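Every number in this text was worked out from the coordinates using simple rules, so none of it is lab data. In this text the structure is predicted, and so the values were computed from the model without any measurement. As a convention, Cβ positions derive from the backbone with ideal geometry for all residues, glycine included, and neighbour counts pool all protein chains shown.
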Amino acid sequence: MKRAIKEYAKRVLKDHDCTMDAYWGCTGEQVIRDLKEAYPNGMEYPYVDVANAMLLLAKPTLLERKPWLMVFDMGHTVDGIEYDSFEAAKEQALETLVEWQVQQVSEFKNIQGPADFPAKLGQEQREEWDYMISECHVEVQKYNPDTDEYEEYWFPSYEDEKQVGWLYIEEMEQEENNEQT
């Protein structure tokens, strides 16, 4: 019988586009008022039984923290995405740097391909690129359950940044000169 009431309560919630935790933190009286309003001619089971079943279903969903957080800071906006592994968070951090570069280069109308970059950049474009490099950052943080905080863990090294092209224009040109000699 109790299982049937529980299933009935789930169906009532679903029929009214409510989640299972819709009545979390509510009083039984509130639930019964809502049920009587929605079903003024009665229900398949007594209001009090359905209300109790709904209150039992209303257990809050506990928050879970994933162990890794990839943080992206665009100078004016900081946000992050949680990951299950350090490797996934680090990979996404480096991919984010590449995505920012692609977006920036797409705004440079005179750049037709990799051979044009950075050689054909005008002064304003060089400054825009360098501004992006100075203002936008990524990192990976590790969750510390003792403090309930994410803490700094990894930042891209110069070699990581060089590998994905996350360099100031002057550094890029210097690297190109080093490769040519």
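Assorted remarks:
- Counted by Cβ distance under 14 Å from Ser106, the other residues give a net charge of -3, where Lys and Arg count +1 and Asp and Glu count -1.
- Between Arg11 and Phe155, the simple spin-label model (points 7 angstrom out along Cα→Cβ) gives 6.0 nm.
- Folded to 0 to 90 degrees: helix 2-15 orientation relative to the chain principal axis, Cα: 60
- Cα-based equivalent ellipsoid, segment 2-57: semi-axes from gyration tensor eigenvalues, Å: 14, 13, 11
- Integer Hz, Karplus 6.51/-1.76/1.60 couplings in order for segment 121-126, x for Gly and Pro: 6, x, 4, 5, 5, 4
- Assigned charges on the beta-carbon of Lys, Arg, Asp, Glu; the chain dipole about Cα centre (debye): 1880
- The GluC sites (Glu not before Pro) found in segment 79-173 that occupy coil by DSSP, while having at most 14 further C-beta atoms within 10 Å, are Glu107.
- Per-residue ³J(HN,Hα) for segment 53-59, Karplus 6.51 cos²θ - 1.76 cosθ + 1.60, θ = phi - 60°, Hz, x for Gly and Pro: 4, 5, 5, 5, 6, 7, 4
- Dipole of segment 68-180 computed with +1 at Lys/Arg Cβ and -1 at Asp/Glu Cβ about the Cα centre; of Pro145, Ile81, Leu97, farthest Cα towards the positive end is Leu97.
- Square roots of five times the Cα gyration tensor eigenvalues for the chain, Å: 58, 19, 12
- Counting lysine pairs in the chain that sit 8 or more residues apart in sequence, or on different chains, and whose Cα atoms lie under 22 Å apart gives 17.
- Residues in segment 37-49 carry Karplus couplings, in order, of 5, 6, 10, x, 9, x, 10, 5, 10, x, 3, 4, 5 Hz; the curve used is 6.51 cos²θ - 1.76 cosθ + 1.60 with θ = phi - 60°, and Gly or Pro positions show x.
- Between segment 1-60 and segment 103-181, the C-alpha centres lie 55 angstrom from each other.
- The region of the chain that goes longest without hitting one of the trypsin sites (Lys or Arg not before Pro) in a DSSP loop, each with at most 13 other Cβ atoms within 10 Å, is 1-64.
- Near Asp73: Cβ cut-off under 10 Å, other residues only, Lys/Arg at +1 and Asp/Glu at -1. The net charge is -3.
- Gain in span if fully extended, Ala119 to Lys36, counting 0.36 nm per residue against the direct Cα distance: 22.5 nm
- As a proxy for reagent exposure, Phe117, Phe155 were ordered by neighbouring Cβ count within 10 angstrom, fewest first; the result is Phe155, Phe117.
- Cut-off 10 Å between beta-carbons: net charge of the residues surrounding Met20, Lys and Arg +1, Asp and Glu -1: +2
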